[in-house]
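The values are calculated or read from the model by the stated rules, or taken from the named source; none is laboratory data. Keep in mind it's a predicted model, so treat the numbers as computed, not measured. Positions of Cβ are generated from backbone atoms using ideal geometry, with glycine treated the same way; all protein chains shown enter the neighbour counts. We work out accessible area using only protein heavy atoms, side chains counted, and drop any ligands, DNA or RNA first. Shrake-Rupley method; radii C 1.70, N 1.55, O 1.52, S 1.80 Å.
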Amino acid sequence: MTIALETLDRRYFSPQDVLDKDWIDSAIRDVLSSIDALLPRFSHTFPAANTLEGRYTEVAKVDWTEGFWTGLLWLAWEVTGEDKYRRAAEGFLDNFEERLDKQIKVDTHDLGFLYLLSCVNAWRLTGNTRARSLALRAADLLYCRFNATAGVIQAWGDLRDPARQGRMIIDCNLNVPLLFWAANETGNADYRQAATRHLEQAARYLVRNDGSTFHTFYLDIHTGKALRGDTHQGFSDSSCWARGQAWGIYGFALGYHHTGNAALPELSRKLTHYFLNRLPEDYVCYWDLIFTQEDHAYRDTSAAAISVCGIAELLKQLPLTDPLRPAYLNAISLMMRNLQANYFAHNEDGLLREGVYNFGRDMGINVPNLWGDYFWFEALVRLSRVWTPYW
Ligand code: GLY
């Protein structure tokens, strides 16, 4: 199948808008004061997936999102060197260990989001060997979710549940780096083969030929036959969920870093054009890319932040002579400036207002969410210094 590369909107070719160091430093100061305000409440429990009436409630081991809090703490530690962030992040290792010991909500592909941002970071950044062992245990659980016939990692639920078998989702693009990490760490090539195969299948079946994406896709685990694409969090099976597209942009770009497959950044580019061409006037996406101004739909600022990180990763991989580099940099600046000016959450918990978790299930609509906060900070860190990604 040939996947189209849309011509990028002319508005990204206007004179270049560059974010300078003062702008980024000031945005990072805002982020750090918000984290500092949360820290006293969340040194032993985690902020929930999204805020409720302006506040994050406390949760522990219930969701796919807890790692984002430790990710924020590790970013804060990397940026400031202040011990309080490291101590807080390391304090959560007990929690991540108990989650594995008691098998609490680990029947999910989200093990990457959970254990890369907590345990792999603790090992990689500080040499904590206990964290390394925990991360390897999580990688084993993720590996068990790979079905070799279908070539995919089952997203959710019991591996024996026929209704869930063979279902992959685009979000998993950010979880497979846990398997690449485990392969590098142990020398066991099985992890790498599973992760590489999953990415290949994601590229083949989750991406439609117009450069948009399905949120999820089913394959038959007995024959490997492709069955159907559908959505879990998007507007419809045939629309393009904005956050899914952002996971795709970012994950396929990262896939090149992990596999060396030069087709992956080109795929990321195609998804990027589709995404950027559907942004409204303020460059912050609606929660599904099907919407236009007339629909008065909510934004999803978290998808915007993830896409910035993804395009920044893509830029690392494109040659310096790539003619579209200035346009991509422009797109990043336009999204960042609008997010900071119009969506930064002052006087309430969270960093970015107006995220959408799951519209169809009435969850976290038009409020900050923890992953949006994390990717906003990651975007600022990426744009301000040489930084080794957590993925
Ligand atoms: N990975 C779940 C979500 O993006 O909502």
Item to check | Flag if D110 is open to solvent by 10 Å² or more (accessible area, probe 1.4 Å), in contact (Cβ under 8 Å) with a residue 24 or more places away in the chain and either within 24 Å of A203 (Cβ to Cβ) or touching a strand residue (DSSP E or B) at 6+ places or on another chain (Cβ under 8 Å) (or both) | outcome: yes
Item to check | Selected residue (criterion: most open to solvent (accessible area, probe 1.4 Å)) from residues of segment 136-152 that are of a type in the set (A, V, I, L, M) and not in a strand (DSSP E or B) | outcome: A148
Checklist outcome for this item: Restricted to segment 1-27 and to residues being open to solvent by 90 Å² or more (accessible area, probe 1.4 Å) and free of Cβ contacts under 8 Å to residues at least 24 places away in the same chain, the residue nearest to L380 (Cα to Cα) is D22
Item to check | Elements of type helices (runs of 4 or more DSSP H) contained in segment 227-343, each with 3 or more residues being at negative phi and open to solvent by 30 Å² or more (accessible area, probe 1.4 Å) | outcome: 242-259, 263-276, 325-343
Checklist entry - Under the condition of being surrounded by 16 or more Cβ atoms within 10 Å (Cβ to Cβ) and of a type in the set (D, E, K, R), which residue from segment 354-391 is farthest from K21 (Cα to Cα)? => result E354
Checklist entry - From the set of residues in segment 148-167 that are basic (K, R) and within 23 Å of the chain's Cα centre (by Cα), which is farthest from D230 (Cα to Cα)? => result R164
Item to check | Search result, residues across segment 104-130 that are away from the ligand (no atom under 15 Å from the Cβ) and touching a Cys at 6+ places or on another chain (Cβ under 9 Å) | outcome: N128, R130
Next on the checklist: Of everything in segment 203-222, what is within 19 Å of A303 (Cα to Cα) and either open to solvent by less than 10 Å² (accessible area, probe 1.4 Å) or in contact with a Pro (Cβ under 9 Å, 6 or more places away or on another chain) (or both)? Give them in sequence order.
Outcome noted: L206, V207, G211, S212, T213, H215, T216
Item to check | Per-region count, segment 341-391, residues aliphatic (A, V, I, L, M) and within 16 Å of the ligand (Cβ to nearest atom) | outcome: 6
Checklist outcome for this item: So, first residue more than 16 Å from L339 (Cβ to Cβ) in segment 28-45, second residue in a loop (DSSP other than H, G, I, E, B), Cβ within less than 8 Å, six or more apart or across chains; the pairs are A37/D349; L38/Y56; L38/D349; R41/Y56; F42/Y56; T45/A60
Item to check | Filtered residues of segment 169-190 (kept if assigned to a helix (DSSP H, G or I) and open to solvent by 20 Å² or more (accessible area, probe 1.4 Å)) | outcome: W181, N184, E185, T186, A189, D190
Next on the checklist: Filter segment 21-54 down to the residues that are under 25 Å from the mean Cα position of the chain (by Cα) and of a type in the set (D, E) and list them by number.
Outcome noted: D25, D30, D36, E53
